[in-house]
2 protein chains.
Amino acid sequence: MATGSRDSSRSRSVRRPLPEVSVLRVGHRPGRDPRLTTHVALAARAFGARRMYLHPRDDELAGRIAAVSHRWGGDFAVVPVDDWNSLVRSFPGAVVHLTMYGLPLERSLPRLARHSQLLLVVGGAKVPPELYRRARFNVAVGHQPHSEVAAVAVTLERLLGLPRPARRGDAPQRIVPSARGKRVIGGRARP
Amino acid sequence: MATGSRDSSRSRSVRRPLPEVSVLRVGHRPGRDPRLTTHVALAARAFGARRMYLHPRDDELAGRIAAVSHRWGGDFAVVPVDDWNSLVRSFPGAVVHLTMYGLPLERSLPRLARHSQLLLVVGGAKVPPELYRRARFNVAVGHQPHSEVAAVAVTLERLLGLPRPARRGDAPQRIVPSARGKRVIGGRARP
């Protein structure tokens, strides 16, 4: 195991506070199967991002994610963005474009952690080329083709640590971790 | 940053050798949009799994992943499985079912790392209930709904570390990590 001796809770409290992370998903194609963008949003939420900006907007998808937050807690939301370029320019923190062509995540982490606000940008099949110039950092989560879902999840996990089992805010239901089967308190065992 | 002091290369060499990890994806629906299963396969490959077993079989998808391995190196393959139950029963190592209802990954890692072979199982929308009994471990990558792509990627990253930029085997092309733009040696800049 590569990570046995890491004590994330301690290193967190000794060091700086964790950054607030948002995700921007560009190149979404409404009308095509929305599962991939849904998975990006769910991974962003589960691994501790505050919100996901979505271009172009998709109100149905945003509604489904809002229903998940309502059931499972927290105030993560999908925020529609009509002009992603302007969001990237005006973002009050560091813009981090996740791309297999960028610098290794491992090497970039210390520099990312200096910022109190981060915007992780993931594209679809075709990323607008100006993103490479507009981003403060171009960061690769490995240099092999994989998935924007994986890139968002692993980057968040390395920045914020694995999510804890605790109930989120005022969630009507929560899971009781189990070696076998499904245990849910206060709701139905339905994700 | 939660992970600043981790030195994965050192802890690896002092400890036991890394496990060989395979992925089993059940509940794939051929004919529907295959992107989600494609992303599971690409994430499995990029983060160091040796192969992905797929039930039910999907030869078109397996062919697309084989083309990726041909271009980017390594011998990762998608292996069709007609009877997943029998694969799970006969697997010569520990079967790890990734589910939001399981025990926390953080807590499970030391026990997983004792095995030299691991099979990570991820389901689709409906997971066969017997999987919870058949698996040696039911492990949660967070207890919030997210994505089988994210679960596979984060578990592999925690088991094996982040993938290195090195060229894979006899790959005809590789990426040169860059702060800006795309640099590829020996091929076209097309993932």
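At A:P17, label 7 Å along Cα→Cβ: distances to the other copies, nm, ascending?
Going from nearest to farthest copy, the values are 4.7 nm.
For B:P80, which inter-copy label distances result when the label point lies 7 Å beyond Cα on the Cα-to-Cβ vector, reported in nm to one decimal and in ascending order?
Sorted ascending, the copy-to-copy spacings read 4.4 nm.
Measure off, as a whole percent, the carbon and sulfur share of the 1.4 Å-probe accessible area of the protein assembly as shown, all protein chains present.
Using a 1.4 Å probe with all protein chains present, the protein assembly as shown comes out at 49 percent carbon and sulfur.
With a/c under 1.5 counting as rounded, go ahead and sort the protein assembly as shown into rounded, prolate or oblate using the C-alpha gyration tensor (a ≥ b ≥ c being the square roots of the eigenvalues; past the cut-off, prolate if a/b is larger than b/c, else oblate).
Cα axes put the protein assembly as shown in the rounded bin.
Under a Cβ-only charge scheme (Lys and Arg +1, Asp and Glu -1), can you give me the dipole magnitude of segment A:68-191 about the Cα centre, in debye to the nearest 20?
600
Please check segment B:137-177 for residues whose accessible area, probe 1.4 Å, is lower by 50 Å² or more when all protein chains are in place than in their chain alone.
Those are B:H143, B:Q144, B:P145, B:H146, B:V154, B:R158, B:L162, B:I175, B:P177, which lose 50 Å² or more relative to the chain on its own.
Using the Kirkwood radius built from alpha carbon pairs, what does the Stokes-Einstein equation give as D for segment A:87-157 at 4 °C and 1.567 mPa s, in µm² per second?
My calculation gives 106 µm²/s for D.
How far apart, in nanometres, would the label points at A:D33 and B:R133 be if each is projected 7 angstrom from Cα along the Cα-to-Cβ direction?
3.2
Can you tell me the accessible area per residue over segment B:111-191, all protein chains present, probe 1.4 angstrom, in square angstrom?
Spelled out: the 1.4 Å probe surface of segment B:111-191, per residue, equals 43 Å².
Report the Cα centroid-to-centroid distance between segment A:76-139 and segment B:11-78 in angstrom, as an integer.
Their Cα centres are 27 Å away from one another.
Going by the alpha-carbon gyration tensor, a ≥ b ≥ c the square roots of its eigenvalues, is chain B rounded (a/c under 1.5) or, if a/c is not under 1.5, prolate (a/b greater than b/c) versus oblate?
Judged from the Cα gyration tensor, chain B comes out oblate (a/c at least 1.5, b/c at or above a/b).
May I ask you to report, in nm to one decimal and beginning with the shortest, the distances from B:Q173 to the same position in the other copies, taking label points 7 Å along Cα-to-Cβ?
So the distances to the same position in the other copies read 4.6 nm.
Using a 1.4 Å probe and counting only protein heavy atoms, how much accessible surface gets buried when A and B come together, both sides summed, in Å² to the nearest 100?
6400
Where only protein heavy atoms count, and the probe is 1.4 Å, what is the accessible area per residue for segment B:34-92 in Å²?
That works out to 41 Å² for each residue.
The values are calculated or read from the model by the stated rules, or taken from the named source; none is laboratory data. These figures come from a predicted structure and were not determined experimentally. Heads up, the Cβs are rebuilt from the backbone with ideal geometry, glycines too, and the neighbour counts pull from every protein chain shown. Quick note on the areas: whole protein, heavy atoms, side chains included, nothing else; ligands and nucleic acids left out. Shrake-Rupley method; radii C 1.70, N 1.55, O 1.52, S 1.80 Å.
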